[in-house]
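The next block holds one structure in the form of C-alpha cells; read it before the comments.
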Amino acid sequence: MEKKASLKDIISHCKEYGFIFPSSEIYDGLSASYDYGPNGVQLKNNIKDYWWKSMVQLHENIVGLDAAILMHPKVWKASGHVDAFNDPMIDNKDSKKRYRADTLIEDYISKIDNKIEKEVTKAAKRFGDAFDKEQFVTTNPRVLKNVAKRDGVQERLNKALREDDLVELKNIIVDCEIACPDSGSRSWTDVRQFNLMFSMQFGALASEAENSVVYLRPETAQGIFVNFLNVKNATRQKVPFGIAQIGKAFRNEIIARQFIFRMREFEQMEMQFFVRPGEEMKWYNYWKEARMKWHQAVHPSEKLRYHDHEKLAHYANAALDIEFKFPMGFRELEGIHSRTDFDLSSHQDLSGKKLQYFDPEIKESYVPYVVETSIGLDRMFFAVIANGYTTEQVPNAKGGTDERTVLKIHPYLAPVKVAILPLLKTKPELTSKAREVFDLLKVITDCQYDEKDAIGRRYRRQDAIGTPICVTIDFDTLEDNTVTIRNRDTLEQERIAIDQLPNIILEKIKFPNL
Ligand code: ATP
C-alpha cells in the first residue's frame with residue numbers, strides 16, 4: 001500500500017537528500033527563499049533541458065534568448081507593470097498579519113470543496129458497491145447546500161476581481177466571516193492594492209538621473225519583446241515564430257508560502273510566439289494542447305487540468321492555466337495567454353521605434369500578435385517531486401517486507417541516472433571492476449559510484465533520489481563480464497553484458513515521448 005505524501009514529508013525529504021535547503025539557514029533562514037542542493041540543481045537542469053529541447057530543438061521556428069534581469073525602467077511603464085502589477089492586500093488589525101484578499105477567499109472556497117469531498121467519501125464507504133456518486137451529489141441536501149454556497153462566493157469573487165472592486169472583496173470576507181488564519185480574529189482593514197515589483201537604486205548616485213530607480217524584472221517576457229526586432233533581423237525568422245527564454249524573475253509577493261510554490265525570487269521558462277493578427281486563437285489552441293502533452297509525457301493525466309481565466313490581465317484576450325494537483329490541491333503550474341499586440345504596441349509607442357513585421361505573403365506590415373506559454377521552473381520542480389514521492393512496502397531478503405521511500409520521477413529528469421555498486425567494498429577486484437564500469441558510463445550520463453554500506457541500504461539511498469537504474473558488480477562479473485541492472489520502480493533485475501550497458505541505459509533514460 002502506498003501512503004499519500006504530506007507537504008511536510010516532501011520538505012524534509014528535499015532537505016535530507018540535498019534537493020532543497022532553506023536559504024541562509026545558519027541565520028535561521030529568510031522566509032520563502034530556498035537554495036537548490038546537489039541533487040536539486042541536477043533535477044532543475046534536467047527540467048530546463050526538457051523544456052528547452054521541446055521548444056527550441058524540436059521547433060525550427062523557435063529560437064532562444066538570455067536577456068538581462070535589469071532593464072530600462074521605461075520597459076515596465078510600457079508593459080503596464082508600474083501602474084497595474086498589483087495584488088489586493090488586507091491586514092488583520094489584531095495579528096498585524098498581511099494577506100492577499102483574493103487568496104483568503106479562495107482558501108475559504110477550498111474548505112467548502114473539502115467538506116463536499118468528505119461527504120462523498122463518507123457516503124461511498126456507507127453504500128459500498130451500490131454507491132452512485134452522480135446521484136448523491138445531485139440530491140444530498142447537505143452537498144447541495146455547500147455547492148450553492150461555494151458557487152455563490154466564487155461568482156462574487158470573480159466579479160469583484162474582474163471589476164477591481166476592492167470594497168466588494170472586503171464585503172465577501174466580512175459576509176463569509178473569514179477569520180485571520182493566525183489569530184482567528186475578524187478585525188480587518190480595508191483592501192488596498194500593493195505593487196509587486198522590487199525596485200532598487202541603479203548606480204552610485206541616487207540623484208544622478210531621473211531613471212536611477214530600476215526594477216528586478218517581475219517576468220522574463222519583456223526581455224523578449226524588447227528584443228523582437230534584434231532576434232527577427234539576426235535569425236531571419238518569419239511569422240509565425242517564437243522566442244524562448246529561461247531566467248529569474250522577482251515579485252514582492254504579499255505572502256510567499258507553500259514551500260517553493262510561491263517565492264519572491266523564482267525562475268520562469270517563457271516562450272512568446274509571434275503570429276499574424278487574427279490567427280492568435282488558432283495558435284492559442286495549438287499551444288494549449290502542445291503544453292498539456294508536454295506535462296502528460298512526465299505526469300499522470302488525472303493530476304493535470306485546464307482552468308480558464310475569469311479575469312483577463314490587462315494585455316490578454318484569452319488566458320488559461322494548466323493546473324497540477326499539488327499536495328495542497330489543484331494549483332496553477334503554467335499560464336497560456338493570448339497577449340494580443342499589447343506589449344509590442346506599447347513599446348513601439350513609448351520608445352518611438354517601429355516594432356513591426358512585413359509579411360511577404362500578404363504584403364502588409366503589422367505589429368504581430370503574441371501567444372505566450374509561461375511556466376514556473378520551481379513549480380514544475382515541486383510537481384515532479386510531489387508526484388514522484390512514494391512510500392511503499394517492498395519484499396526484503398528475509399521473506400518479509402520493508403518500507404521504502406522512492407522518487408518515481410521520469411528517468412529523463414532524474415538527477416542521477418545510474419548508480420554503480422560493487423557488491424563488496426572489501427574486495428579490490430570488485431571495486432576496480434566497478435570503477436571501470438563507472439568510467440565507461442560517466443561520459444554518457446550522470447552516474448554515481450557508491451561502495452559504502454550493505455547493498456540494500458545503497459539501493460534505498462538511490463531510490464530516495466530517484467535513480468532509475470542501479471548496476472551491481474559481483475563475482476560473476478569477473479568471470480563473464482556481465483552485471484545486474486535493477487529497475488527502480490519494478491525492482492526487477494536483469495543480467496546483461498557490460499558492452500551492452502551504454503545502449504540499454506540510453507534507451508531507458510531517453511527523452512519523454514511527446
Ligand atoms: P499566481 O496566480 O499563482 O500568482 P500568476 O498568474 O501571477 O501566478 P504568471 O504571471 O502567469 O503567474 O507567471 C507564470 C508562471 O510563473 C506561473 O504559472 C507560475 O508557475 C510561475 N510563478 C508566478 N509567480 C510565482 C512565484 N511567486 N513563485 C514561483 N513561481 C511563480
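The values are calculated or read from the model by the stated rules, or taken from the named source; none is laboratory data. A quick note: this is a predicted structure, and the numbers were derived from the prediction, not measured. Cβ atoms come from the backbone with ideal geometry, glycine included; neighbour counts cover every protein chain shown.
Residue check: is residue 67 part of a loop (DSSP other than H, G, I, E, B), modelled with pLDDT of 95 or more, surrounded by 15 or more Cβ atoms within 10 Å (Cβ to Cβ) and in the same structural domain as residue 286 (by TED's automatic domain parsing)?
yes
Kindly list the number of the only condition in (1) in contact with a helix residue (DSSP H, G or I) (Cβ under 9 Å, 6 or more places away or on another chain); (2) more than 16 Å from the ligand (Cβ to nearest atom) that fails for residue 366.
(1)
Conditions (1) free of Cβ contacts under 8 Å to residues at least 24 places away in the same chain; (2) part of a loop (DSSP other than H, G, I, E, B); (3) not assigned by TED's automatic domain parsing to the domain that holds residue 313, marked per residue:
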site	(1), (2), (3)
119	no, no, yes
126	yes, no, yes
129	yes, no, yes
142	yes, no, yes
149	no, no, yes
167	no, no, yes
172	no, no, yes
178	no, yes, yes
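For region 404-507, which strands (runs of 3 or more DSSP E) that fit wholly inside it have 3 or more residues that are at pLDDT 95 or above and under 20 Å from residue 42 (Cβ atoms)?
418-422, 447-449, 469-473
With the checklist (1) charged (D, E, K, R); (2) within 15 Å of the ligand (Cβ to nearest atom); (3) not assigned by TED's automatic domain parsing to the domain that holds residue 219 in hand, flag the one item residue 427 doesn't pass.
Result: residue 427 passes all but (2).
Tell me which of these residue 99 doesn't satisfy, since it passes every other one: (1) more than 30 Å from residue 463 (Cβ to Cβ); (2) under 27 Å from the mean Cα position of the chain (by Cα); (3) outside the structural domain of residue 180 (by TED's automatic domain parsing).
Exception for residue 99: condition (3).
Suppose we filter region 1-54 for residues that are of a type in the set (S, T, N, Q) and over 24 Å from residue 254 (Cα atoms); how many remain?
Within region 1-54, residues that are of a type in the set (S, T, N, Q) and over 24 Å from residue 254 (Cα atoms) number 7.
If you check residue 346 against the conditions, is it more than 16 Å from the ligand (Cβ to nearest atom), in contact (Cβ under 8 Å) with a residue 60 or more places away in the chain, outside any loop (DSSP other than H, G, I, E, B) and of a type in the set (Gly, Ala, Ser)?
yes
Could you grab me the full set of residues in region 408-459 that are of a type outside the set (Val, Ile, Thr) and touching a residue at least 60 places away in the same chain (Cβ under 8 Å)?
If the condition is that a residue be of a type outside the set (Val, Ile, Thr) and touching a residue at least 60 places away in the same chain (Cβ under 8 Å), then 408, 410, 411, 412, 413, 414, 415, 417, 440, 441, 446, 456 are the ones that fit.
Determine, yes or no, whether residue 26 is out of contact with any Phe, Trp or Tyr (no Cβ under 9 Å at 6 or more places or on another chain) and of a type in the set (Val, Ile, Thr).
When the stated conditions are applied, residue 26 passes them.
Are any of the residues in region 284-297 farther than 28 Å from residue 508 by Cα, modelled with pLDDT under 95 and of a type in the set (S, T, N, Q)?
No: zero hits.
Out of region 59-90, which residues are among the hydrophobic types (A, V, I, L, M, F, W, C), within 16 Å of the ligand (Cβ to nearest atom) and under 22 Å from the mean Cα position of the chain (by Cα)?
Selection gives 69, 85.
Which one of the conditions (1) within 16 Å of the ligand (Cβ to nearest atom); (2) β-branched (Val, Ile, Thr); (3) modelled with pLDDT under 95 does residue 336 fail to meet, given that it meets all the rest?
Evaluating residue 336 over (1) within 16 Å of the ligand (Cβ to nearest atom); (2) β-branched (Val, Ile, Thr); (3) modelled with pLDDT under 95 leaves (3) as the failure.
Can you name the number of the only condition in (1) within 14 Å of the ligand (Cβ to nearest atom); (2) assigned to a loop (DSSP other than H, G, I, E, B); (3) of a type in the set (Lys, Arg) that residue 353 fails?
Only one criterion is unmet by residue 353, namely (1).
What are the residues in region 254-286 that are crowded, with 17+ Cβ neighbours inside 10 Å, more than 16 Å from the chain's Cα centre (by Cα) and closer than 17 Å to residue 339 by Cα, if any?
272, 273, 274, 275, 276, 280, 283, 284
So, in region 287-323, how many residues would count as being away from the ligand (no atom under 15 Å from the Cβ) and either surrounded by 18 or more Cβ atoms within 10 Å (Cβ to Cβ) or assigned to a loop (DSSP other than H, G, I, E, B) (or both)?
Looking only at that region, the number is 4.
Can you tell me how many residues within region 369-395 are buried (at least 23 other Cβ atoms within 10 Å of the Cβ) and away from the ligand (no atom under 16 Å from the Cβ)?
Result for region 369-395: 2.
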